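Only one structure is covered here, and it is reproduced in the block below.
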Amino acid sequence: MLKDTEDGTAAAIRLAGGASLHSTLDGADPAEWLALDAAVREIAWHRPQYPPVWELAAPPTADPTRLGKSRLALALCHRDGRIRQEVVRQSVRHPGLLPLVVIRCADWVGPVREEARTVLREALDVGSALDLAPLVLRVGRRDRGDFGVDLLGRILRRASRGRLAVLLTDTDRVVRRFAYRLAVEGRLLRPSELALAAAGDQDIVVQDLCATAALTALEDEDAYEEVLPPLLSARNPRTRSAGVTALRRAGRPGQAEAFLSDRSALVRACARYVVRQQGADPAVRYRERCTPSDDPELPPGAVIGLAECGNRADAGLLRPLLAHPAAGVRARAVAGLRLLDRTDAEQLRPLLDDPATGVVRETATALLPSAGELPADWLLERTGTDRPPHVRVGAFRLLDARGGTVALRAAVGLFQDPDMKLRARAEQAARRWHPPQDGQRADAEVGELLDRSRHLFSDDMLRRLKWEAGVDS
């Protein structure tokens, strides 16, 4: 597969030597044609060590009508615009050269560009448009590339649903987006098919396009039976949120309550909107769901949902959840207290030793504003190699947030750490370190620590840091 100029260069040399176009390139891969086009020019200007491809492709005395298909392919990429223009005319005899004609439609030379557009306009039909769509759309990203995209759209609007279907499953998301837009515009897909596409496709643009089109196309309530289930069960939150919002229009707002505890903040927000529209208070539902605090079936989404729409008094319901057996609930309880601005450093400190990575991460984030109040020695102890990696990372985040000598000491202490990621974090922290702006002269330890960080700084930068810290060089 030709993926870069080096591969394209090798292909150009093989074509110049007489190899067939079919055996040299994968005609279905747009990257191969683009690589060949770029490589032929690269050889001309920057690769004098290679054979004279230009002379082999189209020598000055050559009759373009007598050139073989492989030589025509090279000549279509010729550095001389007059030769490119002449060869574009001859390419009509070889449909296999249409990919290079597509590229020439965005040529930087006007006459070449116009000649190529004339040829493509006459040669392109539904069958060839389906084959060339990935390349046309790639070229369409270039300056002057809009002609091919417009022509492709005009032709494929005449394609049947069955023929267009091949583009709906293309691995290139740009191709799928284009095809689904045509399918939506031409009403080629039923609402249920659009809903399934929104739920199954991995591209966010296709998801939004198909979900919106599926809901817009509904004309009666019975149709919701086929459309809503795929949307509501989709893995991607944007599609689920579209389904949840549609519950109100479908006359089923009560079903939205099940999504108040969704793992996605977007879906939870849409569910709260639908619940409010039927006159209920989502906060009341959340409070009911978070009681009792030892409920093993409590979903983490209900915990953070309470913080998202509750008030500061709801912190009383969240604090008991810090000891919940489910790690997800504990993590969301910490995040909820932070959201309500009701964090208590002393209460959260024990959670820095939690066995769950997510809990420690949320705890460290919540404690960042209070980092200066935490005992430095206690935090430094948790950066030791005897602690789990996620605990070490959380403790170091807080030490780094403290700043000053303690932060530099913690960073330097991890320079030789066996954990490569933590070592990299420590080096980045040392590079960002600056002396406190309190006007006090630093002690000798700072100078020693900076000397141990010498490998991270230039000599000038190191001297400047020492001068800012008030340390003698």
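The values are calculated or read from the model by the stated rules, or taken from the named source; none is laboratory data. These numbers were taken from a predicted model, which means no experiment stands behind them. Virtual Cβ from ideal backbone geometry, glycine too; neighbours counted across all protein chains shown.
See the values below:
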| quantity | calculated |
| --- | --- |
| Unique match (being modelled with pLDDT under 95 and among the charged types (D, E, K, R)) among 249, 285, 268 | 249 |
| Qualifying residue in the stretch 141-157 (condition: under 19 Å from residue 124 (Cα atoms), surrounded by 15 or more Cβ atoms within 10 Å (Cβ to Cβ) and aromatic (Phe, Trp, Tyr)) | yes |
| Tabulated pairs, the stretch 420-438, first closer than 22 Å to residue 469 by Cα, second exposed (fewer than 12 other Cβ atoms within 10 Å of the Cβ), C-beta under 9 angstrom, 6+ apart or interchain | 427/455 |
| Identity of the residue in the stretch 272-301, in contact with a Lys or Arg (Cβ under 8 Å, 6 or more places away or on another chain) and of a type in the set (Val, Ile, Thr), that ends up nearest to residue 316 (Cα to Cα) | 275 |
| Residues satisfying the stated conditions in the stretch 263-299, i.e. closer than 19 Å to residue 237 by Cα and buried (at least 22 other Cβ atoms within 10 Å of the Cβ) | 267, 268, 270, 271, 272, 274, 275 |
| Wholly enclosed helices (runs of 4 or more DSSP H) of the stretch 128-244 bearing at least 1 residues among the aromatic types (Phe, Trp, Tyr) and at pLDDT below 95 | 224-232 |
| Output for the stretch 276-314, where each listed residue is more than 16 Å from residue 331 (Cα to Cα), part of a helix (DSSP H, G or I) and of a type in the set (A, V, I, L, M, F, W, C) | 283, 284, 309, 313 |
| Selected residue [out of contact with any Gly (no Cβ under 7 Å at 6 or more places or on another chain), of a type outside the set (Phe, Trp, Tyr) and more than 27 Å from residue 388 (Cβ to Cβ)] from 425, 463 | 463 |
| Residues being under 21 Å from the mean Cα position of the chain (by Cα) and under 13 Å from residue 137 (Cα atoms) - total across the stretch 147-178 | 8 |
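Yes/no per residue for (1) surrounded by fewer than 16 Cβ atoms within 10 Å (Cβ to Cβ); (2) of a type outside the set (A, V, I, L, M, F, W, C):
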{"residue": "345", "(1), (2)": "yes, no"}
{"residue": "353", "(1), (2)": "yes, yes"}
{"residue": "362", "(1), (2)": "no, yes"}
{"residue": "365", "(1), (2)": "no, yes"}
{"residue": "372", "(1), (2)": "yes, yes"}
{"residue": "376", "(1), (2)": "no, no"}
{"residue": "382", "(1), (2)": "no, yes"}
{"residue": "395", "(1), (2)": "no, no"}
{"residue": "398", "(1), (2)": "no, no"}
